[in-house]
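Visitor: What follows is a structure written as structure tokens; I'll ask about it next.
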Amino acid sequence: MKIILIGSSGAGKSTFSRELANLVNFPVLHLDKIWHSMDYSEKAEKKFRQVQENFLAEHENCIIDGNYRGTLGLRVAQADLIIWLKISRWRAVGRVFRRSLKWHWSRKNRPDMAEDFTEKFDKEYWEFIKFVWNFPKFNEPKISEIIQQFDKVHQVVIVKNQKDKKKVLSNLQRDLIGL
């Protein structure tokens, strides 16, 4: 089973993917860890795509965490399950800001982020916060189009809160490992 997790930055994709991986023992590809270890060039975009294609080809069962709309179609096309974390923009921005502060205090990156990645409270960071705030308006419709394009609407599970998350984990535990 190939599972992808999508949603706004700060929605909890990486945390959810780690919990899910621990439950079902599937390998996880954290897209942020890959993308933010690159130089963001055109060559990097091709390599980023190739890493995903290779990962999907090498694993019958796997989890991929991240949006990256430019390569979302290749993941959606192969997905057996799409877990879409949809939380309020206030919660998403708050989580992003808190994790940034946590990084500044500890200088320890998240396990799903490239080791060399640093966050600065600069113009680029505030543009990112604006992106997170506007994610529901500008990005969710485009993501929906990609899902519909590949006729995967029935493979989508929406997670809006902890209750939904627990239900998805419980159902997957029952269905995948028979507990």
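Visitor: Within segment 11-28, how many residues are of a type in the set (D, E, K, R) and either surrounded by fewer than 16 Cβ atoms within 10 Å (Cβ to Cβ) or not in a helix (DSSP H, G or I) (or both)?
Guide: Residues in segment 11-28 being of a type in the set (D, E, K, R) and either surrounded by fewer than 16 Cβ atoms within 10 Å (Cβ to Cβ) or not in a helix (DSSP H, G or I) (or both): 1 in total.
Visitor: Starting from residues that are polar (S, T, N, Q), open to solvent by 40 Å² or more (accessible area, probe 1.4 Å) and part of a helix (DSSP H, G or I), keep the ones in segment 29-54 and report whichever is farthest from Ile4 (Cα to Cα).
Guide: Selected residue: Gln50.
Visitor: Could you grab me the full set of residues in segment 114-124 that are among the aromatic types (Phe, Trp, Tyr) and surrounded by 14 or more Cβ atoms within 10 Å (Cβ to Cβ)?
Guide: Within segment 114-124, just Phe117 meets the criteria.
The values are calculated or read from the model by the stated rules, or taken from the named source; none is laboratory data. All of these numbers come straight from a predicted model, not from anything done at the bench. Cβ: placed from backbone, ideal geometry, glycine included. Neighbour counts: every protein chain shown. SASA here: full protein model, heavy atoms, side chains in, ligands and nucleic acids out. Shrake-Rupley method; radii C 1.70, N 1.55, O 1.52, S 1.80 Å.
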